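Okay, here's the structure, questions in a sec.
The values are calculated or read from the model by the stated rules, or taken from the named source; none is laboratory data. Quick caveat: nothing in here was measured; it's all calculated off a predicted structure. Backbone-built Cβ (ideal geometry, glycine too); neighbour counts: all protein chains shown.
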Amino acid sequence: MIELKDVRKSFGDKTVLHSISAIMEPGKNNLIIGTSGSGKTVMMKIMIGLMSVDSGQVLYEGNDIARMSDDDLKKLRNQIGMLFQGSALFDSKTVEQNVMFPLDMFTNKTRREKIRRVNEVLDRVNIKEANRKFPAEISGGMKKRVALARAIVLNPKYLFCDEPNSGLDPQTSLVIDKLITEITKEFNITTVINTHDMNTVMESGDHIVYMHQGRKRWEGSSHEIVFSEDKDLNAFIFASEFLQKAKEMTVLEEQAQANVPTQGPAPAKPKRRGIF
């Protein structure tokens, strides 16, 4: 679990984070969303430890990252996986070498053990017979999966994903979303995703923090976001006329379902209906 307590950050006279408090929960996709300049990227960099706070705390399992010793910070970083926006694969290294890189940097495993682990994570992200290929020889979707394999090769407790679907077609984006969700739940990882992708928000948003002008404006799940009455959030999520109508349809269907008279035991909570 990662907790932010009253985090503030400024650059000169400009305050980019105003007293942010939030909890990133294990086994869930914790999404940070918002328009450009809303503070979400700075918020993620602070969580990772790439930036320090002006005031407030970032706690990993209750331990303040600002008060950790160098040894404790090194141990923490070994527990963090990172999926970069552009995949950030080494062009001069093969798929196998790219995924092996964290093992070379942070472990004393034998080469046989490293190869075994690389093959395990490549298999987990459905990459087969590509060990000897270079990034230029594989598709954008495969690059993302290789980057995800590299991010989890050290069995991280925490996974940070910066725009994981950037540059991908809708179908491939869904594949990446599904993989991240499966891996998050399978290994009970605390996953933090910075995204503009509305498919990711609606399909994978277990816990969503909406940032607006440096402030946490709204917090909830992908189901709850459909029923939000926050004007700025709705303008961001349901920007097109089609999405606005889809939201209205979903709300109307949920209301109709709730008003249906029933007999006998109370029914189970209805699943999301309509477009969403």
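Can LYS28 be described as within 23 Å of ILE180 (Cα to Cα) and touching a strand residue (DSSP E or B) at 6+ places or on another chain (Cβ under 6 Å)?
Answer is yes for this residue.
Let me ask something else about it. Would you be able to tell me the number of residues in the range 107-151 that are closer than 20 Å to THR172 by Cα and acidic (Asp, Glu)?
3
Looking for whichever is in contact (Cβ under 8 Å) with a residue 12 or more places away in the chain, among the charged types (D, E, K, R) and either at positive phi or crowded, with 23+ Cβ neighbours inside 10 Å (or both) here; the options are GLU163, GLU203. Which one fits?
Step by step, each of GLU163, GLU203 is checked, and only GLU163 is in contact (Cβ under 8 Å) with a residue 12 or more places away in the chain, among the charged types (D, E, K, R) and either at positive phi or crowded, with 23+ Cβ neighbours inside 10 Å (or both).
Filter the range 67-94 down to the residues that are of a type in the set (A, V, I, L, M) and under 23 Å from the mean Cα position of the chain (by Cα), then identify the one that is farthest from VAL118 (Cα to Cα).
LEU73
For a quick check of your reading of the model, give me the residue pairs whose first member lies in the range 242-254 and is assigned by TED's automatic domain parsing to the domain that holds PHE227 and in contact (Cβ under 8 Å) with a residue 40 or more places away in the chain, whose second is exposed (fewer than 15 other Cβ atoms within 10 Å of the Cβ) and among the polar types (S, T, N, Q), with beta-carbon atoms closer than 6 Å and at least 6 apart or on different chains.
Listed pairs, sorted by first residue: none to list.
When GLU182 is evaluated against the numbered criteria (1) outside any loop (DSSP other than H, G, I, E, B); (2) over 23 Å from PHE236 (Cα atoms); (3) in contact (Cβ under 8 Å) with a residue 12 or more places away in the chain, which criterion, by number, is the only one it fails?
Status for GLU182: all satisfied but (3).
Let me ask something additional. Could you check, for the range 26-41, whether at least one of its residues is surrounded by 15 or more Cβ atoms within 10 Å (Cβ to Cβ), hydrophobic (A, V, I, L, M, F, W, C) and closer than 19 Å to ILE80 by Cα?
yes
Looking for whichever is within 23 Å of VAL209 (Cα to Cα), free of Cβ contacts under 8 Å to residues at least 60 places away in the same chain and surrounded by fewer than 19 Cβ atoms within 10 Å (Cβ to Cβ) here; the options are ASP71, ASP64. Which one fits?
Sole residue among the options that is within 23 Å of VAL209 (Cα to Cα), free of Cβ contacts under 8 Å to residues at least 60 places away in the same chain and surrounded by fewer than 19 Cβ atoms within 10 Å (Cβ to Cβ): ASP64.
Out of all the residues in the range 148-179, which are part of a helix (DSSP H, G or I) and more than 14 Å from the chain's Cα centre (by Cα)?
Matches in the range 148-179: ALA149, ARG150, PRO170, GLN171, THR172, VAL175.
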